[in-house]
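Peer 1: Okay, handing you the structure first.
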């Protein structure tokens, strides 16, 4: 049997012997909007806990629209023209509309990448589009301190806008439970100090800072508190199926509309599994998420619940852009030099995490369960060494060798395959 794993802009085949004890973990079949543009229009006209967008816009002189950066496959080409059209028809001048890319601490999106992100030439030519830069002090406004002590500084272009609109994709997130909504604001347009506070070891090591968990999740709680400091915020939420077709869209008050989208999504995205496996093969979800090793860590960590202790986690990721930021490289080198245990002990003493250090911390989560192996065609030999995991040259040969080895040693060889990677979360059934 051949199973196609998401890889770059296409797939890579995994050959699975029918005689192997295996399962394929996929989302439940999702509904698809046959006319997505009409669905978005209906959502904007029938909001959750707020008046329609056209009514809101009539009382505003300017608007700031937050969009996710290139790491999220949000259907901006469908959403942005609808939003901008309503704003213009409602009397907001074109020059008073700004689209702000919520980069967090990621790099800016420019050139051809920006064109791909926006997906609409008219928007590109006629509406102001800016990147958020978390390290620019002058771009941010202090709005308060959370109950956990985080000093909250947010991009002034969003804070000072009459009409604040957030757009995003609701999918599992291995720290914040689910992406989208409040997460597009923090860390999306937050200052570096704010991000590195609630991404420190204390937050990240909390067992509730995990995929598909919101109750008791300290990151989610912090994000909600930050949102409450900013006044009224509108939000467009989307959910995509395995083929990235629009399955769900809504619009409304940011917290209520996001929770409605989460309620829809969780039925499809979280898959209960009643056992563990000594071999798990997954992906980093394909492009754009698998463009770097930094983002690949998400795919590594998500299936940790169903991996047998000491088992093998094998992930495929193109990594066409290499390892990630200079800060992430430094963090990975430290991990390799001192090992996962000492690495976590050292960073646990910090009030502020080093930039991108949290991703390395999350990698230790799966390293503490089993052995991690990576098939990536875009990494140089020096970059491969910085991963801290075993890098493969032949995916299918290695998987077969692991299955056969486990059968010889253990008398059984179980295999779970997750073609879509971190966009679907296998959750071990209670008591297993």
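The values are calculated or read from the model by the stated rules, or taken from the named source; none is laboratory data. A quick note: this is a predicted structure, and the numbers were derived from the prediction, not measured. Cβ coordinates were reconstructed from backbone atoms using ideal geometry, including for glycine residues, and neighbour counts include every protein chain displayed.
Peer 1: Could you pull out the residue among 336, 347 that is assigned by TED's automatic domain parsing to the domain that holds residue 22, crowded, with 20+ Cβ neighbours inside 10 Å and touching a helix residue (DSSP H, G or I) at 6+ places or on another chain (Cβ under 8 Å)?
Peer 2: Just one listed residue meets the conditions, 347.
Peer 1: Has the range 27-38 got any residue that is in contact with a helix residue (DSSP H, G or I) (Cβ under 6 Å, 6 or more places away or on another chain), within 22 Å of residue 307 (Cα to Cα) and either assigned by TED's automatic domain parsing to the domain that holds residue 253 or touching a residue at least 24 places away in the same chain (Cβ under 8 Å) (or both)?
Peer 2: Yes, there is a match, as at least one residue in the range 27-38 is in contact with a helix residue (DSSP H, G or I) (Cβ under 6 Å, 6 or more places away or on another chain), within 22 Å of residue 307 (Cα to Cα) and either assigned by TED's automatic domain parsing to the domain that holds residue 253 or touching a residue at least 24 places away in the same chain (Cβ under 8 Å) (or both).
Peer 1: Taking the range 169-220 only, how many residues are at positive phi and touching a strand residue (DSSP E or B) at 6+ places or on another chain (Cβ under 7 Å)?
Peer 2: The number of residues fulfilling the criteria is 3.
Peer 1: Step by step: first the residues of the range 37-50, then only those that are surrounded by 14 or more Cβ atoms within 10 Å (Cβ to Cβ) and outside any helix (DSSP H, G or I), then the one that is farthest from the chain's Cα centre (by Cα). Which residue is that?
Peer 2: Taking the candidates together, the pick is 50.
Peer 1: I'd like the residue in the range 7-28 that is within 22 Å of residue 248 (Cα to Cα) and at pLDDT 95 or above and, out of all such residues, is surrounded by the most Cβ atoms within 10 Å (Cβ to Cβ).
Peer 2: Top of the filtered list is 25.
Matching residues to (1) touching a strand residue (DSSP E or B) at 6+ places or on another chain (Cβ under 8 Å); (2) part of a strand (DSSP E or B); (3) assigned by TED's automatic domain parsing to the domain that holds residue 112; (4) modelled with pLDDT under 95:
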{"residue": "248", "(1), (2), (3), (4)": "yes, yes, yes, no"}
{"residue": "256", "(1), (2), (3), (4)": "yes, no, yes, no"}
{"residue": "313", "(1), (2), (3), (4)": "yes, yes, no, no"}
{"residue": "318", "(1), (2), (3), (4)": "yes, no, no, no"}
{"residue": "323", "(1), (2), (3), (4)": "no, no, no, no"}
{"residue": "328", "(1), (2), (3), (4)": "no, no, no, no"}
{"residue": "331", "(1), (2), (3), (4)": "no, no, no, no"}
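Peer 1: I need the helices (runs of 4 or more DSSP H) fully contained in the range 110-226, keeping only those with at least 3 residues that are out of contact with any helix residue (DSSP H, G or I) (no Cβ under 8 Å at 6 or more places or on another chain).
Peer 2: So the answer is 111-118, 192-198.
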